[in-house]
1. Normalised by the number of residues in the chain, what is the relative contact order in percent for Cα pairs under 8 Å and 6+ residues apart?
2. Rounded to the nearest 10 degrees, what's the angle between the helix 82-91 long axis and the longest principal axis of the chain, both from Cα atoms, 0 to 90?
3. Quick one: what are the phi-derived ³J(HN,Hα) couplings along segment 69-75, Karplus 6.51/-1.76/1.60 with θ = phi - 60°, whole Hz, x for glycine and proline?
4. Give me, ordered by chain and number, the residues 5 or more places off S144 or on other chains with an amide H under 5 Å from its own placed amide H.
5. Whose amide H sits under 5 Å from the amide H of A318, counting only residues 5 or more places off or on another chain, with H placed in the peptide plane?
6. Which order do the peptides 58-67, 136-145, 302-311 take when ranked by the mean count of other beta-carbon atoms within 10 Å per residue, highest first?
7. In whole Hz and in residue order, list the ³J(HN,Hα) couplings for segment 15-32 that follow from phi through the Karplus curve 6.51 cos²θ - 1.76 cosθ + 1.60, θ = phi - 60°; x for Gly and Pro.
8. Once amide H atoms are placed 1.01 Å from N in the peptide plane, what residues at a sequence separation of 5 or more from V200, or on another chain, have their amide H within under 5 Å of its amide H?
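FYI, it's all coordinate maths here, none of it is from the lab. In this text the structure is predicted, and so the values were computed from the model without any measurement. Here the Cβ positions follow ideal geometry from the backbone for every residue, glycine too, while neighbour counts run over all protein chains shown.
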Amino acid sequence: PTWERQVRHSATPRRPSGLSVLVTGAAGFVGSHASFALRKRGDGVLGLDNFNHYYDVSLKRARQDLLRARGVHVVEGDLNDSPLLSRLFDVVPFTHVLHLAAQAGVRFAMKNPQSYVASNVAGFISLLEVAKSADPQPAIVWASSSSVYGLNRQSPFSEAHRTDQPASLYAATKKAGEEIAHTYNHIYGLSLTGLRFFTVYGPWGRPDMAYFFFTKDILQGKTISLFKTQDDKEVARDFTYIDDVVRGCLGALDTAEKSTGSGGKKRGPAQLRVYNLGNTSPVPVGRLVSILEGLLGVKAKKHIVRMPRNGDVPYTHANVSLAGRDFGYRPTTDLAVGLRKFVKWYVGYYGIQSKVNKLQEGSRGGSDSK
Ligand code: NAD
């Protein structure tokens, strides 16, 4: 049938010894970029995404359209639909899975706790259940998060630091994912590599993230809230540019060892690894805003507030030497450079160049008259 042909065609590599990768969350921010990059170098890519309504679905559809134009098919379906997953693995002998589908965001969890359990815990298990019985067993690279460091305040964060104090339900389910990975590696010999992403930003980004909605609010003349920690320090994030993160994902896929299978004693245990993928230089959120003001040519209206206990942590800071050693990961994009690319995309995507020009004239006029 046509469906099978589409799926197989999309997942077939176009270069000798190319990978065949199932990318979950392919209509998402990181997933769409990673799918592009894999396709570009000739790997086979099949996407899976449930197009949930956590944020603007039209943005996910637009990413899907772009992927389609590059020959990447995204199947609409949920991680918890085991028959669908089994069918995909029956049709395609995936060599790798890049598992990025998840319920993201820390604040949303306070009102929607169950959606985190459904996607990040049950959904991950559903995927691993199908992968463990697939032939061949794919090597799995999945997105964990810097949020697992929680209330740990040893900085920069290294993989060996404690991760037993999550500050949000999101973090708790990401941490649970790491424990679940351990179990599937131990019992079934699945090869599993976890990547702890640190505040990823860039073109086609997520509208629920601060750099994105600050841009929107500044352009709309709305007041933005800047958080200070309980002890009056500025909140800081180790903002990591999307292209750096994607390079890290590809590096992890390329160096992932094969699964050994449950009877894999002959070849020794399959690998289980966890790496930080950050930028190694935390930036206070106030600095983020001043870079945006410079790029937009518009002054922000700011309001400083004490950070509530809503799941956010005061700062994040990655040590990435492990990823550097094992697959050459090196973040190279300065925040100002990456934000320039984001703003350029934002203005183009929303078709608001003329509005931005007007705002800039207005704010130039405003400062001249002072
Ligand atoms: P995203 O929300 O843009 O992408 C996730 C995609 O997964 C979405 O398109 C969503 O529709 C899909 N999805 C969610 N639940 C699903 C389910 N049950 N079945 C099928 N599809 C489902 O988020 P992103 O920023 O691209 O994040 C990708 C991964 O990286 C996530 O696992 C996230 O937790 C992790 N992460 C992201 C960041 C960041 O700063 N962006 C930081 C740390 C970790």
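1. Values: 737 pairs, mean separation 61.2, N = 370.
Over the chain, the number comes to 17 percent.
2. That helix lies at roughly 70 degrees to the long axis.
3. 4, 9, x, 9, 8, 10, 7
4. Excluding prolines and chain starts, which carry no amide H, the hits are L195, R196, F197.
5. So A318 has HN proximity to F157, N279, T280, S281.
6. Details: 58-67: 17.2, 136-145: 25.0, 302-311: 12.1.
Result, highest mean first: 136-145, 58-67, 302-311.
7. 9, x, 6, x, 7, 10, 10, 8, 9, 8, x, 5, 8, x, 4, 5, x, 5
8. T240
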